[in-house]
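See structure below.
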Amino acid sequence: MKKFKVLDLFSGVGGLSYGFAHDDNFEIVAGNELLPDMAKAYSLNHPNVKMYNCDIKDFGIENLNNDLKIKKGDIDLIVGGPPCQAFSTVGKRLINDPRGKLFQEYYRILEELNPKMFLFENVKGLLSMQKGGLIKTILSLFKSLGYKVKYEVLNSANYGVPQIRKRVIIIGTKLNKEFKYPEPTHSSVDYNNIFNQNLAPYLTLSEAISDLPFIQSNQESFEYSSEPNNDFQKLMRFQAPKKLMDHNAPRNNDKLVKLMECLPDGGTPQDAPKELRPKSGFKNTYCRLWWKRPAPTITRNLSTPSSSRCIHPKAPRPLTTREGARIQCFPDDYIFYGSRSSKNLQVGNAVPTFLSIALKNSIKHHLM
C-alpha cells in the first residue's frame, strides 16, 4: 500500500490534518505547534506523531533529519494554516502583526523539504488584505518554488459541517496534472430546490447536538440524553467514551441569565426588555443561535456571549466545549486539554474535520 508522508504545520489540535490521520494511505510523521495545551491535545489524540512544541522559526529540516532521518524530498505533503488573527475580518487586521508574516516560515519549510504538494488554509479576510496584494505575494512566493498554485474559498457547510465557515484553501502541486477541489455534498435548502436536487440540505445545529444532555448555566452532565437521532450523531459517537467529556456550562451572572431567557430562537438583545440589554456590544454578541439552521462561524469565544453569537437555542447559557466540538465535527472521543478557555481556543481555531476529509479525498486522488 502506498503511504504518503505528511508534515503538519501550525497543527493546533489536528483539525486540518484529521482526514489524513484517518486514512491508511497517509502517515503524518511530525507536527509543529507553538501553544503547549494545543500540542499536548494533539499528542493525546495522535501519540505516534512526533510533535515539535516550539516556535516555527526554530523548526525545520534539521530537526526532522536529526530525529526522524527525513531529508529533502522525503515528505509528500505539507498541510498547515498559519494563525489567522492578522488576516481576520473580525480582528484588527494589522498588517504589521507578526502573525501575518508566518506564511514566510511556511514558505521556508516548503523550500527546505520540497514536497510534491502542499495545503495552505486561512480565513477569507486574507484575500482583501493590502487591497488584494498580500494573496498575490503569497501565491508568487509559492510559484517561485516551482508549484502550480490555485486557491478557492470553500464553505464548510457544503461538506456536511453544521456551520457556515468559509476558508481560503490554497493548493500547490508539482505533479503534471490539474488538482480538482472537492465537489459540494450539501447546500442551502433554497439553493438545493432551484439548482441541484442531488445535494443534501445543510446540517442544522439541532441535528448536530440534540442528543447531548440539556443543561442550564453552571451545570454539567456526562450522560447522553438519547440514542443518536441521525447519521451525524452516530458518527460522532462511534467510539464514544463511557463518560461524555467537556459538557459543562460556565456560571453566568443573574442579569445575563435573565437576558438569555428572554431571547427567542436566533434572537438578539433587541428582543429583550431595555433594562436587560447590555450597555455595550457588537454585532452578533449576546445573541442566540438558531436551532434549525447551521451555526455561524464559531470562534475561541464559543462560551462568551459578549464576544460572539454563542447562546444555546433553547437553554439560557452559552455553548459548552463539547457542543462546539460537535459543530466542528470532532468525534466525542476527541480529547482537548487544559482550562475551559484553552479548550475553547483549541476548538474554535480548528478546521472542521469534515472539510479536512473532503480535501484529503481530493488530494489523495491527485497523488495516486
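Since every read-out is calculated from the coordinates, none of them should be taken as a lab result. All values reported here derive from a predicted model rather than from experimental measurement. Please note: Cβ atoms are built from the backbone with ideal geometry, for glycine as well, and neighbour counts cover all protein chains shown.
The table that follows gives values for the structure above.
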read-out: GNM top mover of 14, 80, 125 - the chain, alpha-carbon springs below 10 Å; value: 125
read-out: Sorted by Cβ neighbour density within 10 Å, fewest at the top, the residues 38, 236; value: 236, 38
read-out: Antiparallel DSSP beta bridges within the chain, as percent of all bridges there, nearest 5; value: 45
read-out: Ranked 78, 311, criterion: other C-beta atoms within 10 Å, fewest first; value: 78, 311
read-out: Exposed GluC sites (Glu not before Pro) absent - longest run of the chain, DSSP non-H/G/I/E/B, at most 14 other C-beta within 10 Å; value: 1-177
read-out: Positive-end residue of 176, 245, 200, charge dipole of the stretch 160-286 with Cβ unit charges; value: 176
read-out: D_trans [Stokes-Einstein, Kirkwood Rh over alpha-carbon pairs] for the stretch 258-321, 20 °C, 1.002 mPa s, µm² s⁻¹; value: 187
read-out: Radius 13 Å from Cβ of residue 312, net charge of other residues (Lys, Arg +1; Asp, Glu -1); value: +3
read-out: The stretch 112-207 - Rg over Rh from alpha carbon coordinates, Kirkwood radius; value: 1.06
read-out: Highest-MSF residue in the chain out of 280, 303, 210 [GNM, Cα springs under 10 Å]; value: 280
read-out: When the stretch 177-298 is reduced to its Cα atoms, the Kirkwood hydrodynamic radius in Å; value: 17.6
read-out: Estimated translational D of the chain in µm²/s (Stokes, Kirkwood radius over Cα pairs; 37 °C; 0.692 mPa s); value: 153
